[in-house]
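See structure below.
The values are calculated or read from the model by the stated rules, or taken from the named source; none is laboratory data. None of the values given here were measured: they were computed from a predicted structure. Don't worry about glycine lacking a Cβ; one is built from the backbone with ideal geometry, like all the others, and counts go over all protein chains shown. SASA here: full protein model, heavy atoms, side chains in, ligands and nucleic acids out. Shrake-Rupley method; radii C 1.70, N 1.55, O 1.52, S 1.80 Å.
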Amino acid sequence: MKYIVATSRGPISHDRIGEKSIVRSNVGGVARALSSVMTERGGTWVCWGDGHLDEKYPEENYSGYKISRIFLNKNEKLGFYDNYSNSVLWPLFHYFRDKIYFAQHSYDLYKEVNRKFANAIAKEVQPGDRIWIHDYQLALVPKMIKDLGLKNFVIFSWHIPWVASEFFSILPESTYFLESVNSADLITFHTSWYVQNYETACENILNVNPSNKKKVMAVPLGVDFKYYSHEPVKRNVWQDKRTKLIFSIDRLDYTKGLSDKVRAIEALLRKHPDTRKQFTYVMIVTPSRYSVSEYQEMRREIEMLVGRINGLYSDLYWYPIIYMYRRIPQELLLQYYRSADIALITPLIDGLNLVCKEFASATKKGIVILSEFAGAAIDLHGALIVNPYDIDSTADAIYKALTMSEEEKSNHLREMKKDVRTKDIHWWLSKILSRSDRLDRESRE
Ligand code: GDG
């Protein structure tokens with residue numbers, strides 16, 4: 001039995017930098033987890049070929065499995081990706097009502113592209129293979145697969161929050177959407193809260209009680225603990241012995257609470273003047289959805305705030321915030337994880353958040369300050385949990401982390417390590433795969 005995996009973005013893409021062609025790896029946590037299953041078991045990974053040179057590679061063999069790409073024209077990309085996925089589903093499933101924008105025909109194009117995915121899967125699948133579909137961009141695929149008459153077992157993994165039923169009802173297509181997700185044979189979420197919201201939506205909107213509770217499961221994604229904790233790094237990126245390093249890396253997005261983080265640093269400096277010159281905050285923001293004017297505005301706001309705070313508190317020898325707007329190589333990211341004293345991870349809402357788990361795995365000394373609204377807050381015991389809307393309390397938590405005794409720190413660290421070590425990426429995979437084995441077997445009996 002092999003796996004047919006479908007994700008919007010693939011494991012690698014072919015791109016161009018100037019005259020040079022390059023292969024770009026998708027370093028995200030989901031891609032890393034799925035790559036290991038695919039390499040081990042073989043199969044096909046169906047994805048959107050969005051790299052500049054991907055059209056040259058509609059199919060290719062990679063790392064023990066096949067990649068099969070679908071291609072979108074400008075109009076399909078706009079409707080499926082920019083409009084329906086990013087401007088309807090993303091804000092809706094993160095409770096940002098004011099940011100939802102229903103562009104005309106975007107649902108039709110989303111549906112069309114989902115159909116392309118379903119057809120590409122149907123082309124690859126053999127009887128007995130298992131189909132594993134991921135996330136909000138592909139929510140209509142499970143039902144399309146079933147409607148094609150395929151009898152294969154379908155897993156659908158949802159990676160962002162699932163909102164309360166009343167909020168979900170804002171979606172004009174909520175019934176079709178839910179019907180499709182619910183037609184999967186196994187549906188996974190990161191937390192039991194999302195499961196509850198999902199089940200309530202099924203009861204309220206579809207009038208069905210997902211009576212077979214075994215088919216909906218809460219299982220938080222873990223990270224590759226061994227890699228983050230053992231991979232050697234070439235150098236210590238933070239050489240300044242006088243100051244502690246506070247670190248964060250986030251995609252540019254309104255869910256990440258970026259300006260609130262900067263405001264918390266300002267509050268820390270104001271409320272606790274003894275912290276001045278005692279720390280440096282390295283804030284990395286990775287570019288995202290930059291064609292959307294709102295994201296450009298968000299970037300301007302963050303940069304103005306950083307400039308204002310550095311202007312207020314810097315002197316010739318120290319400034320509180322080093323801000324970088326770029327992606328960084330994996331090796332450098334690991335160096336930051338190993339060097340930082342504090343990871344400041346305070347999204348306003350986040351399905352899970354892998355960065356906190358990666359940091360907790362990599363660090364030998366650091367403390368995580370984590371938003372209570374990140375799915376990971378449920379199982380990352382040992383982190384300092386904050387409400388990111390409460391700027392002063394976040395500042396106090398940073399102060400606490402900066403001034404913690406060594407003994408207290410090692411207690412926090414021990415707690416954090418316990419969870420990320422045991423609930424790692426292999427645990428996540430084996431939970432889902434063994435549940436699907438069992439359900440698949442039962443359905444044939
Ligand atoms: C969805 C949900 C859920 C980021 N910048 C760089 C870089 N990264 C890597 C991190 C981490 C990943 O990207 C981001 O983690 P997220 O948890 O935000 O994952 P997403 O896939 O964006 O989001 C989220 C997740 O799915 C998993 O289910 O946790 O809630 O929104 O792995 O390390 N890596 C490198 N350079 C960067 O500049 N090398």
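Dipole check for the chain: with +1 at the C-beta of Lys and Arg, -1 at the C-beta of Asp and Glu, and the Cα centre as origin, the magnitude is about 1100 Debye.
The residues of the chain have, on average, 44 Å² of accessible surface per residue, using a 1.4 Å probe with all protein chains present. Taking 0.36 nm per residue of separation and subtracting the Cα-Cα distance, full extension of the segment from Lys271 to Asn75 would add 65.4 nm. Which trypsin sites (Lys or Arg not before Pro) from the range 337-367 combine a DSSP loop assignment with at most 11 other Cβ atoms within 10 Å? Answer by residue number: Lys364.
Here is the result for the range 63-131: no trypsin sites (Lys or Arg not before Pro) lie in DSSP coil with at most 12 other C-beta atoms within 10 angstrom of their C-beta. Tell me, what is the FRET efficiency for Ser434 and Leu316 to the nearest 0.05, using R0 = 51 angstrom and their Cβ-Cβ distance as r? With a Förster radius of 51 Å, E is 0.30.
Pairs from the table (Lys20/Lys111; Lys2/Lys56; Lys77/Lys143) lying more than 24 angstrom apart at Cα are Lys20/Lys111; Lys2/Lys56. With a cut-off of 15 Å on the backbone N, the residues of the range 152-190 near the modelled label site 7 Å out from Tyr389 along Cα-Cβ are 164.
For the range 279-291, 3J(HN,Hα) computed residue by residue from phi via the Karplus equation (6.51, -1.76, 1.60; θ = phi - 60°) reads 8, 10, 9, 9, 10, 9, 10, 9, x, 7, 6, 6, 6 Hz, glycine and proline entered as x. Share of carbon and sulfur in the accessible area of the chain stands at 50%, probe radius 1.4 Å. Cβ-Cβ distance of Glu415 and Ala103, R₀ of 41 Å, FRET efficiency by 1/(1 + (r/R0)^6): the value works out to about 0.35. Computed from the C-beta positions of Met1 and Glu59 and an R0 of 30 Å, the FRET efficiency is 0.90 to the nearest 0.05.
Subtracting the Cα-Cα distance of Glu406 and Gln278 from their residue separation scaled by 0.36 nm leaves 44.4 nm.
In the range 21-141, the DSSP beta bridges split such that about 45 percent are antiparallel, to the nearest 5. Loop-only check: which chymotrypsin sites (Phe, Trp or Tyr not before Pro) in the range 305-377 are DSSP coil with at most 16 other Cβ within 10 angstrom? Here the chymotrypsin sites (Phe, Trp or Tyr not before Pro) that fit, given the DSSP loop and packing criteria, are Tyr317, Trp318.
Among the listed pairs Lys241/Lys400; Lys256/Lys364; Lys99/Lys215; Lys99/Lys256, a Cα-Cα separation exceeding 22 Å is found for Lys256/Lys364; Lys99/Lys215.
Distant-in-sequence amide contacts of Ile367, defined by a placed amide H-H separation under 5 Å and a gap of 5 or more residues or a different chain, comprise Ile342, Ala343. The long axis of helix 425-444 is offset from the longest Cα principal axis of the chain by roughly 20 degrees. The 3J(HN,Hα) values that the Karplus relation (6.51, -1.76, 1.60; θ = phi - 60°) gives for the range 192-208 are, in residue order, 6, 5, 5, 4, 4, 4, 5, 5, 5, 4, 4, 5, 6, 9, 9, 6, 10 Hz. Gly and Pro appear as x.
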